[in-house]
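The values are calculated or read from the model by the stated rules, or taken from the named source; none is laboratory data. If you're wondering where the values come from, they're calculated on a predicted model, not measured in any experiment. Glycine also receives a Cβ, built like all others from the backbone with ideal geometry; neighbour counts cover every protein chain displayed. For accessibility, only protein heavy atoms count, side chains too; no ligands or nucleic acids. Shrake-Rupley method; radii C 1.70, N 1.55, O 1.52, S 1.80 Å.
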Amino acid sequence: MFSRLGALLQRAVETQEPSFDLLEAFTEHWKGLTHYYLETTDENTPVKETDIPWRLKQMLDILVYEEKQHPAGETGPCLEYLLQHKILETLSTLGKAEYPPGMRQQVFLFFSRVLGQVQHPLLHYLNVHRPVQADPALVLPQKLLQFGSDALGSASEKEEVQFAAVLCAKIKQDPALLTYILEGKNLLTGSPQGDAGSSQEESLATNGALTASPEPDRESSVCDAPCASLAGKPKNSVSSSSPLRKENNLITSLINLCKSQKSRVALKAQENLLLLMNVAQQAAATYLVQNSALCCLVTDHLCDLYNAVPTSADPADILSLERVSWRLQNNSADEASFPGKGSLDAFFSWLDYCDHLVKEAHPVVADAVTEAIGEKLFQGILQPQLLQMSELGILTSTAMLTAMVRQISASALLRELVTFLLGTERQPEAITDSPQQHLLRSQLIEHCNHLSDEISLATMRLFEELLRKPHEHIVYSLVLRNLEERSYILHSQPGQEERSTHEQDHCEDTFFLGLVPDEAKTSSYVEEAGYDTYVHDALRLFQQCSTNISSWHWPQAPKPLESCDPQAVFYEGHFLKVLFDRMTRILDQPYGLNLQMTSVLSRLALFPHPHLHEYLLDPYLNLAPGCRTLFSVLIRVIGDLMQRIQRVSQFPAKLLLVRKQLMGMVPEEQMDHMTLFQGVVVLEEFCKELAAIAFVTFAPESPP
């Protein structure tokens, strides 16, 4: 504390009327500050070269000292003077004018310190003494927020985020403050809420409920119409065709600061926005959703960042990105590693923030943000891109979607994404189903069988990423709903179920391992390709998968055949049909595509559902006419392979050479039937993988 103030405070303590001396000192500093504007002629002198910062500091110290001399809750004369003479409002006007240069920062600092150090509830204007009741705008911070962050890179960003942090901390302590900070205007019209607002104000005065206080209109801009329906819960309060108004308030200020080029400012703003959205009170959360452009602003920024990713971005580069954390600063040295990396990092960082927001925010806020992302990003941007005809566009958007699936972990946001991709249908599929029932799902599955092998591979990679997510509807929609009635089994065979169960005890010894003929086996010539390795890997993945689905309440045994519908017509479903059709062409497809296809099938076989295990891994099923299983498809592939072996001279030697080339053991050479040999290598490894999965599935208690 400076010497002059110290002398004043000392005299205040020694006199009989300390409050008079404090008020005199307070008014002296305020008049000294205002006289600067009357006397100065140089408009370019920085504020730090004037006595304004010092006077503001003295005024703050006096307010803090005065408060300590009065009983809790009692307003001292200096504080009343500050309120009655509209000092806060005047300072906000001076800050907006940025005169003298740097005044904006000083005003932010003063507001932050007053709200942070003065314990009196300044933001509860109905609870303060008469001067505040006469003009409630005196203590509301909206005017200060209006001129904050009017341009990115503003010199006052550090002070603005500090001020916003104080407000968020106050709201966290008392959610009822939210209405005062956000203002009580009707956001569709920008006008006061009229009589309803007045009656709510009276209600607040008596019971502390959240209200909307009437305020004068001010300049607003129009937000996208789709957000109106999102902010309008309940639906009858907002028309989806009405434009939603944006306002300059705490929400818009924080969102703007989140976009700051200064990483520390952006991080601080994001942390405080999270704090605000985690408000504990249900009414406050509902008010935040219905009476602010929060959902629009968060989602618009996400969409803007998505659209900023160059259309020329390499899908391989997109998929090479590691999962991004919004809390970590971008590594500038990494920016030039490939074109567009900075834009990708920015998008996935904000996506991770949205994902974290949905986890941490009040459920009302989380659901609203999730719905906004679903409408504006998933349906508004991604769906048209995924359904386009351009192969390059499909590849890029599929890669982006795959990376997004990998990034998202919040259950509500994951549910929104799964519904967007697969729909909500739970009934078994029929071969006569129209693709229009869920066009996107149908198109994505068809992309797995696209004329472009690159699109097929990219889309199957997407489905494998989906199958890794802990969401029951994914595997149910793609496969399980078609296996419910076990109509792939010939019901007329008595004792069929018992025989199948009995044979399962031995299937790990006689099944997939012996499927590939000896002349097509080469893994024994390569180190670290033994069966034991597959078993250990399968056991680890099976246990991990079992843990992930533990809350899904899947049955432990197949549905009894006698309770299944004998008239049900079996259809494996669109997804398995495409995969099985692809499997029949394994000897003619590129190596990478075959690896991805078998990886998806292996992932499906790992799910511990008795119907999946039976259909994908049991070779002893007595199939109903016209039905096929994974085993029956493989039998056909092996039959085709046996015929081809006879037509290729020195088949085993050439096959071994190709395997060694794939393992990097010998240089690559061009030869005939390269695709055939690569397909055989994948086929052998896939059969060993299935055998290992069958072993840990049917006899998990006996790993080698």
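Taking 0.36 nm per residue of separation and subtracting the current Cα-Cα distance, fully stretching the chain between Gln643 and Gln84 would add 191.5 nm.
Taking all protein chains together and a 1.4 Å probe, the residues His609, His553 rank His553, His609 from largest to smallest accessible area.
Put Ser390, Ser456 in order of accessible area, highest first, and with a 1.4 Å probe you get Ser390, Ser456.
Hydrodynamic estimate: the Kirkwood radius of segment 410-474 over Cα pairs, inserted into Stokes-Einstein at 37 °C and 0.692 mPa s, corresponds to D of 256 µm²/s. Of the residues Asp174, Asp618, Asp588, the one with the largest accessible area comes first in the ranking Asp588, Asp174, Asp618, computed with a 1.4 Å probe on protein heavy atoms.
For segment 265-326, the equivalent ellipsoid derived from the alpha-carbon gyration tensor has semi-axes of 31, 15, 10 Å in decreasing order.
Close amide H partners of Ile489, meaning residues 5 or more places away or on another chain with modelled amide H under 5 Å apart, are Ala624. For segment 342-495, the relative contact order comes to 24 percent (Cα pairs under 8 Å, sequence separation of at least 6).
Exposure check, 1.4 Å probe, all protein chains in place: Glu484 carries approximately 70 Å² of accessible surface.
In summary, the lysines within cross-link reach of Lys469, defined as a Cα separation below 24 angstrom excluding same-chain residues under 8 places away, comprise Lys359, Lys376, Lys577.
Residues within the reach of a label modelled at Trp552 (point 7 angstrom out along Cα to beta-carbon, backbone nitrogen below 18 Å), restricted to segment 470-490, are 470-486. The tail of the calculated P(r) for segment 321-434 beyond 21 Å holds 46 percent of all Cα-Cα pairs. Stretching Asp532 away from Lys359 to a fully extended chain increases their span by 58.2 nm, per 0.36 nm per residue minus the current alpha-carbon distance. Placing R0 at 35 angstrom, the Cβ-Cβ distance between Gln281 and Thr432 gives a FRET efficiency of 0.10 after rounding to 0.05. Using a probe of 1.4 Å, the accessible surface attributed to Tyr36 totals some 40 Å² when neighbouring protein chains are kept in position.
Please list, by residue number, everything in segment 49-86 whose backbone N is under 16 Å from a paramagnetic label point 7 Å out along Cα→Cβ of Ala169. Under 16 Å, as judged by backbone N against the label point of Ala169, lie 64 of segment 49-86.
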